[in-house]
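One structure is given here, and the rest of the page talks about it.
The values are calculated or read from the model by the stated rules, or taken from the named source; none is laboratory data. Remember, it's a predicted structure, so these values are computed and weren't measured experimentally. Cβ placement follows ideal geometry from the backbone for every residue including glycine, while neighbour counts extend to all protein chains displayed. Calculation scope for accessible area: heavy atoms of the full protein, side chains included, ligands and nucleic acids excluded. Shrake-Rupley method; radii C 1.70, N 1.55, O 1.52, S 1.80 Å.
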Amino acid sequence: MIEIYISQEQIREKVVELGKKISEDYQGKEILMIVLLKGSFVFAADLARAVDGDVRLDFMKVSSYEGENSTGEVRILKDLDEKINGRHVLVIEDIIDTGLTLTKIMDVLKGRNPASLEICTFLNKPSRRLKEVDVKYSGFEIEDKFVIGYGLDYDQKYRQLPYIGEVVS
Ligand code: 5GP
């Protein structure tokens, strides 16, 4: 059984709020949103439409982190189509858990010399953090629980759910 944890209405309000902040902060600048596949695609689709400005989109897929070993590497499975040097890059993430994956991705992106580089995550589990990440925009801080829906999966299932849910037995 799935219990609703964050409703569609709460999501809608939060996305509008984030979209407003981003629109103000990037006034007059082109924003290159980098969408981390697969989980972030639903949030990114809503967020991009909530931003009033010059938004460009590109997509990246990395292998998810295995284990909690901070010396491990993430593998780029699909790289960006766009060059990011000199551009204002906003990385769109579904959820930050240990922070290990994003830390690695940020290192790769920093090395490509963007004009600015920020993170917007829909969900954040600060209690699980192993690597500090500097998150500029964050939707909801949640407890240490496994959630699904709104792009997030359990074994590739449930990504299409319009809310954030929790699988309960
Ligand atoms: P980390 O921050 O630990 O390196 O990894 C973040 C990634 O782990 C997310 O992008 C997501 O794919 C996955 N993840 C972390 N917590 C959850 C969760 O509660 N539900 C789901 N479906 N995926 C999660």
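Give all pairs with beta carbons closer than 6 Å in which a residue from segment 93-112 that is open to solvent by 30 Å² or more (accessible area, probe 1.4 Å) meets a residue that is of a type in the set (Phe, Trp, Tyr); count only pairs at least 6 apart in sequence or on separate chains.
101/65
Enumerate the pairs (first residue in segment 6-24 and free of Cβ contacts under 8 Å to residues at least 40 places away in the same chain; second residue anywhere and among the basic types (Lys, Arg) and exposed (fewer than 13 other Cβ atoms within 10 Å of the Cβ)) with beta-carbon separation below 8 Å, excluding pairs fewer than 6 apart on the same chain, so at least 6 apart or on different chains.
19/49
Here is a list: 140, 122, 59. Which entry is within 16 Å of the ligand (Cβ to nearest atom), part of a strand (DSSP E or B), open to solvent by 40 Å² or more (accessible area, probe 1.4 Å) and under 30 Å from residue 27 (Cβ atoms)?
Result: 59 is the single residue among 140, 122, 59 that is within 16 Å of the ligand (Cβ to nearest atom), part of a strand (DSSP E or B), open to solvent by 40 Å² or more (accessible area, probe 1.4 Å) and under 30 Å from residue 27 (Cβ atoms).
Scan segment 80-98 for residues that are outside any loop (DSSP other than H, G, I, E, B), within 16 Å of residue 146 (Cβ to Cβ) and of a type outside the set (Val, Ile, Thr) and jot them down.
94 - this is the single residue of segment 80-98 that is outside any loop (DSSP other than H, G, I, E, B), within 16 Å of residue 146 (Cβ to Cβ) and of a type outside the set (Val, Ile, Thr).
Take the residues in segment 96-118 that are within 24 Å of residue 46 (Cα to Cα) and within 11 Å of the ligand (Cβ to nearest atom), then tell me which one is nearest to the chain's Cα centre (by Cα).
Among them, the one singled out is 96.
Looking only at residues in segment 64-90 that are open to solvent by less than 40 Å² (accessible area, probe 1.4 Å) and within 11 Å of the ligand (Cβ to nearest atom), which one is modelled with the highest pLDDT?
Out of the qualifying residues, it is 74.
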